[in-house]
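A.B. asks: Below is a structure I'd like to ask you about.
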Amino acid sequence: MLCTTCLTEVVTDLRQIVHGGILRTREHARGNVDDYRPGLYEELVTTLARQHQFGTPMKTSGGSDQPVMFHKAASEAKWMLENTISTWARDFAETYTHLTLTATTTVEAAGWMADFAGLLADHPAAGELHDEITSAVRTVRRVIDRPADKVYLGQCGYEVGGEVCPEDLYCTPEQTWVHCPTCGSDWDTQARRKRLLEVAEDQLDTATNISRALSRLARPVSAAAIRGYAHRGKLTPHPPRHDDPRKDPLYRIGDVLDLLHDTQKEAS
């Protein structure tokens, strides 16, 4: 059986997948109105929908997808959470045959299991159930709680025992070194930013996405400035992606970086 502390932990995690509780602001309190926070799963989906805040997937000049500055952690966390919850929900229904699993989504399955706290505690594999669910939820929290002002520095990549460390690294704009919490290695943030920029040079993206990505890497430039370069003939536009309803032209990131470098030289 699970102890009271562990049972509370796993039930709380399951319920927080579904909803985040009540958020009471001063304005809401005056009007006696409750505002509900989104659940962890909804916040994770929102994080995926806003990947440009961490870095955006870009296309090479050859057209193949190369997620150079793409924040993979949210996608991986979503897959892990969905797989963990669906697996244990099916096992739960098979163990307690008097129950009927009707849930068709991750959120529904999590809410369904949370309603049977006593059965969770008595489950033959309660310890394993607790460890896997709470671990998946911790991963989700680490992804969605990451401060928006941090810069994505790519995966660690340090080799430990023949395996490459997959930890995603972030730093604040003023940090000069970043410590990997998984393997313990230390990295020069400036060198890693430079490497990300070098890898991204031959890739194409829209003015908006390039602006977001470069600004995150301490190369601030507005989308309007990029379009201005193109309008003045300093930047070559490329055909838009076939699936882009806005039909925004694409620009080579290296060309934008060259223009920024030239502008900086002229100003100095």
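A.B. asks: What's the exposure ranking of L196, L119, going from fewest to most Cβ atoms within 10 Å?
C.D. replies: Result, fewest neighbours first: L119, L196.
A.B. asks: Using 5 Å bins from zero, what percent of all Cα-Cα pairs in the stretch 124-268 falls into each bin?
C.D. replies: Taking every Cα pair in the stretch 124-268, the percentages come to 2, 8, 14, 15, 15, 14, 11, 9, 6, 3, 2, 1, 1, 0, 0.
A.B. asks: What residues have an amide H closer than 5 Å to that of L250, excluding those fewer than 5 places away on the same chain, when H is modeled at 1.01 Å from N in the peptide plane?
C.D. replies: H238
A.B. asks: Along the stretch 227-239, what does the Karplus equation 6.51 cos²θ - 1.76 cosθ + 1.60 (θ = phi - 60°) give for ³J(HN,Hα), rounded to whole Hz, x for Gly and Pro?
C.D. replies: Coupling constants for the stretch 227-239: 5, x, 4, 5, 4, 8, x, 8, 9, 7, x, 10, x Hz.
A.B. asks: Can you sort H19, H242, H179 so the residue with the fewest Cβ neighbours within 10 Å comes first?
C.D. replies: Ranked by crowding around the Cβ, least crowded first: H242, H179, H19.
A.B. asks: Which three extents, in angstrom, do the Cα atoms of the stretch 201-267 have along their principal axes, listed largest first?
C.D. replies: Dimensions of the stretch 201-267 along the principal axes of its Cα atoms: 38, 26, 21 Å.
A.B. asks: Turning to a different aspect of this structure: Can you put V137, V11, V199 in order of Cβ neighbours within 10 angstrom, beginning with the fewest?
C.D. replies: V199, V11, V137
A.B. asks: Along the stretch 74-90, what does the Karplus equation 6.51 cos²θ - 1.76 cosθ + 1.60 (θ = phi - 60°) give for ³J(HN,Hα), rounded to whole Hz, x for Gly and Pro?
C.D. replies: So the J values, rounded to whole Hz, are 5, 5, 5, 5, 5, 4, 4, 5, 4, 5, 5, 5, 5, 5, 6, 5, 5.
A.B. asks: A further question on this structure: Return the long-range amide H neighbours of V221 (sequence gap of 5 or more, or a different chain), with a cut-off of under 5 Å between placed amide H atoms.
C.D. replies: Residues meeting the amide H criterion: S215.
Since every read-out is calculated from the coordinates, none of them should be taken as a lab result. Values in this document were obtained by computation on a predicted structure and should not be read as measured data. We place every Cβ from the backbone using ideal geometry, glycine too, and count neighbours over all the protein chains shown.
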